[in-house]
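What follows is one structure encoded as C-alpha cells, with my remarks underneath.
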Amino acid sequence: MNIIEQLQKKQIRFNEQQEQAVLDDSRYLLLLAVPGSGKTTVMVSRLARMIGENGIEPQQLLTMTFSREAARDMAMRFHALFPELAVPRFSTIHSFCHFVLRQYAVAYRRQLPRNIEAENTALKRSVLLRRIYQNFHQDYLGDDALDILSSEISFIKNRMIRPEDFSAFHFETQGLDTIFQEYENFKRNNGLMDFDDMLSICLEIFDKCPQLLSSLCRQFPYISVDEAQDTSPLQHKIIQRLADKGSLFMVGDEDQSIYSFRGACPELLLDFPRSYPGAKILKMEQNFRSAREIVESADRFIRQNKHRYDKNMYCDKPDGDCIYDMELDDYRSQYGQVLTLLDALPPKDSVAVLYRNNESAVPLIDLLDKKGIPFYAREHRASFFSHFVVRDMLSFFRLSRCPNDIEAFRNIYYKLYLSRKIYQYAERHYTEYDNIFDLVLTVRMLPKYTAQRIRDIRDRLPKLCGMRPLRAISYIEDSLGYHDFLSSRADNGFTAETLQQKLNILKSVAAGYDTIDSFVSRLQELERLIGKSKDRTGMRITLSTIHSAKGQEFDHVILLDLIEGIFPGADAVKEKNSGNPFPYEEEVRLFYVAATRAKKRLYLMEARKINGCPAYPSRFLSHLLGEMPQEPSGMEGRRIYHSTYRNGVILSQEGDTITAEFELFGQRSFSLSYCMEHGVIKIMN
C-alpha cells in the first residue's frame, strides 16, 4: 500500500498538485504553496514516503524551519499521521547551526563562545546594547528603540552587509555603525555570541573545514526547508552548501514574505532555478481555508506586485458575501465599531483584530477591559509604556505637581536643551530649592535665550495640574516646546511617523479620562494588563500584529487602520513613486497575509475624517475589492498650517502625496492622511 492509499484510509485526500508534490523525487524542487493549501501535511507525507517507500533512513532527513513552534508542530503532525515510522529530524536553522558548532568544537578541540541570549547568561544582549547605546548617546534605550536596534543588527548580519556599505542603507538608529562595532568587539573580546553569530560562524566553519562540511552532507543528504520565503542570504548560503552534494526540497511563497526587516530576501525564491541548475518548480494553488470571495479577491490583489511567480489561487467553496468594507466617519470610532462587531458575531467563532503596530491595540485593550470582554494579545509586550515619549509625558506631569522631582527632571532636561553639566549641577543642589527650574536659572553659563525658555516652562508647568489629560498632552507639545524636540529627533535617526504614533495613542486613551491622576493610573493598569494578556491562550478574541498572525487562521478577521499613508505607509508609497517598488511590494504582501488569515469573513476599517480633517481610504481597499482607486482631489490652492513648516499653500496633489509651498521652508511633500491623523497639519480654508 503506497502513501497516497494510506492517507485515503485516514480520510486525507490530496488534489493533483498536492499528490505531485508528495511523489516528486527531483533533486532540487521548489514548491510554491499559497495560503491555506495544506503544505505541512504535504511535507510530512513526502518525508513518510521517502522513509516507507524509498527506504531512506530517517536520520538522513533534515527538515529546517524558522521557529521552534513550527518544528515541534511538524514533528507532532508526522507522528500523528505515521505512528509506525521513526520521526525524522525537524529543526530550526539556528538549532542546526548550533549543532554544527558543537561538532566543530569536539572535532577540533575548540571552546565555543557562550550564547549571550541563553536564559542562564548573566549579561543579556539587551543589557549590553542598552549599555553601549547609553555610552554613545547619553540616553536611555527604550524597549521600542531596542527592538529596532536588534532588528537592524540582525538585518546587517543576515544580509551579510560590510561596515563600509552601511551608508547605502537607511537605518533608524543613529550612530548604528559605531554601536554595531562596539557590540561586535565586546562579544569577540569576551567569548560571546548571539543567535545570528551561530549562522555566521557556521558558514565560516563550512569555508575553513571542508572535511566537516562533507561529513554533514553525507549525514544529511536530504534537506527540506519550510517557510523558504523567510530565508536570508546568510541562511541561503548555509542551505546551499549543505545541499551541494545531496537534494533540496524548499517550500514557500514569495507572496507571503513579510520579514525583510529581519533580513529575509524573497528574491532568493525567484532566483531558485539559477541557484540550483536543473531545479523543478511545482505549485499548490488551491486554498482550503478561506471563503471564495476572500480567496478570489486576495488573488487579484497580490497580482499588482511584479516581482513574483505567477500563481492562480482558487477554492472550491460556494460563493457569498464575505468581505465587509466598514466606512466610518472618524478614525477613532473604529475601536467602538470593533466592540459592536464582537457582540454581533457568533459566540463560538474565533475572531482576530489585526493591525500594523502593537500600539494600535492599546485603545482597544482599554475598551475591552472596561467592558469586561476577555481577549488574548498574541506576543504583545508592554514596550509602549517604556517608550521615551510616554516617559517624557509622565515626567512633565510629575514636575507640574512636584517641581523639584529630580528623577522626572533627569528624563527631560536634555529635551529642554539643557546640558549634562547643568543636570549634574542640579542633581547636587536640588534639595536646596523648591523648584528645580529656579535652581537652573542660577547657573551663570546659561544663555539668555535658554534662560527665558526655562522661565516660560517654570511659569507654565503648574497649569497642567488642572487640565484634562488630552488638553495637557497638547499643551506640553505646543506651549512647553516638546513638539520642537520631537522634530529634532525625527531629523536624527527617529522617524516622525513612529514618534507621532506614540502621541496619538496616548491621546486616544487620554480622551476617556477627566483628570491626569485617573489617566496615569489607567496607563499603569493597562501596562499590567497587557503584560498578563499573553497568557490567555484559547480566548475567542485574539489581538495581534499582522506579522505575529502569520501562519494562523481565524473565522473572522477585523483589519484596522486602512487609511492612505498609514497602510500602505507613506514612506513605501514615496519610495514607489521614486522608482523603488520593493518597500511597497512588502506592504502589499503584508495586507495579503492579513486578508488570507480569515476563513469566513473579513472586515476592513476605513475612516473619512481624522481629527476633524478629511482622510482617504487605503488604496489597498480598491485593489482588493476590484474597484478603480479613488484619488483624493480638490486640495490645490488651499491654505494649511503645518506644525513644523508653519503657514503654506497646497500646490499639487498626487494620490495621498501633497506638495505645498511654505513661507520659510519652500516646497515640501508629505502624506496628507498621515499628517491629518497625527494632527501635524490643519486645513485653513
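The values are calculated or read from the model by the stated rules, or taken from the named source; none is laboratory data. Owing to the predicted nature of the structure, the values given are computational and were not obtained by experimental measurement. Cβ coordinates were reconstructed from backbone atoms using ideal geometry, including for glycine residues, and neighbour counts include every protein chain displayed. The area values use the complete protein model at the heavy-atom level, side chains included, leaving out ligands, DNA and RNA. Shrake-Rupley method; radii C 1.70, N 1.55, O 1.52, S 1.80 Å.
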- prompt: Of all the strands (runs of 3 or more DSSP E) wholly in the range 255-355, which have at least 1 residues that are without any contact (Cβ under 8 Å) to a residue 40 or more places away in the chain?
  reply: none
- line: Subset of the range 331-372, residues more than 21 Å from Phe519 (Cα to Cα), surrounded by fewer than 21 Cβ atoms within 10 Å (Cβ to Cβ) and not charged (D, E, K, R), comes to Gln337, Leu339, Thr340, Leu341, Leu342, Ala344, Leu345, Pro346, Pro347, Ser350, Asn357
Residues of the range 215-248 that turn out to be open to solvent by 30 Å² or more (accessible area, probe 1.4 Å) and of a type in the set (S, T, N, Q), as a count: 3
- request: State the number of residues belonging to the range 377-401 that are touching a strand residue (DSSP E or B) at 6+ places or on another chain (Cβ under 7 Å) and at pLDDT 90 or above.
  value: 0
- prompt: What is the one condition in (1) over 20 Å from Met64 (Cα atoms); (2) assigned to a helix (DSSP H, G or I); (3) open to solvent by less than 20 Å² (accessible area, probe 1.4 Å) that Ser167 does not satisfy?
  reply: (3)
Single condition Gln229 does not satisfy, out of (1) within 24 Å of Ser548 (Cα to Cα); (2) touching a residue at least 60 places away in the same chain (Cβ under 8 Å); (3) touching a Leu at 6+ places or on another chain (Cβ under 9 Å); (4) not aliphatic (A, V, I, L, M): (2)
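Yes/no matrix, rows are residues, columns are (1) open to solvent by 80 Å² or more (accessible area, probe 1.4 Å); (2) part of a helix (DSSP H, G or I); (3) touching a residue at least 40 places away in the same chain (Cβ under 8 Å):
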{"position": "Met445", "(1), (2), (3)": "yes, no, no"}
{"position": "Ile454", "(1), (2), (3)": "no, yes, no"}
{"position": "Arg458", "(1), (2), (3)": "no, yes, yes"}
{"position": "Leu461", "(1), (2), (3)": "no, yes, yes"}
{"position": "Leu464", "(1), (2), (3)": "no, yes, yes"}
{"position": "Arg471", "(1), (2), (3)": "yes, yes, no"}
{"position": "Tyr475", "(1), (2), (3)": "no, yes, no"}
{"position": "Leu480", "(1), (2), (3)": "no, no, yes"}
{"position": "His483", "(1), (2), (3)": "no, yes, yes"}
- request: Hey, could you check the range 422-443 for residues that are surrounded by 12 or more Cβ atoms within 10 Å (Cβ to Cβ) and of a type in the set (D, E, K, R) and say which is nearest to Phe409 (Cα to Cα)?
  value: Glu427
message: Checking the conditions here, which among Phe96, Phe90, Phe82 is over 29 Å from the mean Cα position of the chain (by Cα) and among the aromatic types (Phe, Trp, Tyr)?
response: Phe82
- prompt: Is there any pair linking a residue in the range 7-34 that is within 21 Å of Glu84 (Cα to Cα) to one that is surrounded by 15 or more Cβ atoms within 10 Å (Cβ to Cβ) and aromatic (Phe, Trp, Tyr), with Cβ under 8 Å and at least six apart or on different chains, and which?
  reply: Leu7/Phe14; Val22/Phe14
query: Just a yes or no: is a residue in the range 327-345 under 29 Å from Ser521 (Cα atoms) and acidic (Asp, Glu)?
result: yes
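For (1) under 23 Å from Ser95 (Cα atoms); (2) not basic (Lys, Arg), each residue gets a yes or a no:
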| position | (1), (2) |
| --- | --- |
| Phe136 | no, yes |
| Leu141 | no, yes |
| Arg188 | yes, no |
| Ser200 | yes, yes |
| Leu216 | yes, yes |
- prompt: Only one of these conditions is not met by Lys283: (1) open to solvent by less than 10 Å² (accessible area, probe 1.4 Å); (2) modelled with pLDDT of 95 or more. Which number is it?
  reply: (1)
field: Filter result for Asp253 (of a type in the set (Asp, Glu), at pLDDT 95 or above, under 30 Å from Ser618 (Cα atoms) and open to solvent by less than 10 Å² (accessible area, probe 1.4 Å))
entry: yes
message: Among (1) within 28 Å of Ala570 (Cβ to Cβ); (2) modelled with pLDDT of 90 or more; (3) over 32 Å from the mean Cα position of the chain (by Cα); (4) not acidic (Asp, Glu), there is one condition Leu470 misses while meeting the rest; what is its number?
response: (3)
field: the range 60-81 residues that are farther than 22 Å from Leu216 by Cβ, paired with ones that are of a type in the set (D, E, K, R) and open to solvent by 10 Å² or more (accessible area, probe 1.4 Å) (beta carbon under 6 Å, 6 or more apart)
entry: none
message: Please determine whether any residue of the range 369-383 is under 27 Å from Pro347 (Cα atoms), part of a helix (DSSP H, G or I), of a type in the set (Gly, Ala, Ser) and out of contact with any Gly (no Cβ under 8 Å at 6 or more places or on another chain).
response: no
- prompt: Within the group Glu497, Glu525, which residue is at pLDDT 80 or above and either in a helix (DSSP H, G or I) or of a type in the set (Phe, Trp, Tyr) (or both)?
  reply: Glu525
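Within the range 352-372, track down each residue that is more than 27 Å from Asp144 (Cβ to Cβ) and in contact with a helix residue (DSSP H, G or I) (Cβ under 9 Å, 6 or more places away or on another chain). If you could, list the steps in order and put the result at the bottom.
Keep residues of the range 352-372 that are more than 27 Å from Asp144 (Cβ to Cβ), which gives 371-372.
Lys371 - this is the single residue of the range 352-372 that is more than 27 Å from Asp144 (Cβ to Cβ) and in contact with a helix residue (DSSP H, G or I) (Cβ under 9 Å, 6 or more places away or on another chain).
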field: Complete set of residues in the range 628-667 that are modelled with pLDDT of 75 or more, under 21 Å from Ala572 (Cα atoms) and open to solvent by less than 80 Å² (accessible area, probe 1.4 Å)
entry: Ser652, Gln653, Thr657, Ile658, Thr659, Ala660
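Considering only residues that are β-branched (Val, Ile, Thr) and at pLDDT below 90, which ones fall in the range 128-172?
As a first pass, look at the range 128-172 and keep what is β-branched (Val, Ile, Thr): 132, 148, 153, 156, 161.
Of everything in the range 128-172, just one residue is β-branched (Val, Ile, Thr) and at pLDDT below 90, namely Ile148.
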task: For the range 378-393, indicate whether the set of residues that are free of Cβ contacts under 8 Å to residues at least 40 places away in the same chain, open to solvent by less than 50 Å² (accessible area, probe 1.4 Å) and not hydrophobic (A, V, I, L, M, F, W, C) is non-empty.
output: no
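Tally up the residues in the range 408-432 that are over 22 Å from Arg489 (Cα atoms) and without any contact (Cβ under 8 Å) to a residue 24 or more places away in the chain, please.
Looking only at the range 408-432, we keep the residues that are over 22 Å from Arg489 (Cα atoms), and these are 424-432.
Next cut, without any contact (Cβ under 8 Å) to a residue 24 or more places away in the chain only: 424-429, 432.
Of the residues in the range 408-432, 7 are over 22 Å from Arg489 (Cα atoms) and without any contact (Cβ under 8 Å) to a residue 24 or more places away in the chain.
Results for (1) acidic (Asp, Glu); (2) out of contact with any strand residue (DSSP E or B) (no Cβ under 8 Å at 6 or more places or on another chain), shown as yes or no for each residue.
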| residue | (1), (2) |
| --- | --- |
| Phe301 | no, yes |
| Asn305 | no, yes |
| Glu327 | yes, no |
| Gly336 | no, yes |
| Asn357 | no, no |
| Pro363 | no, yes |
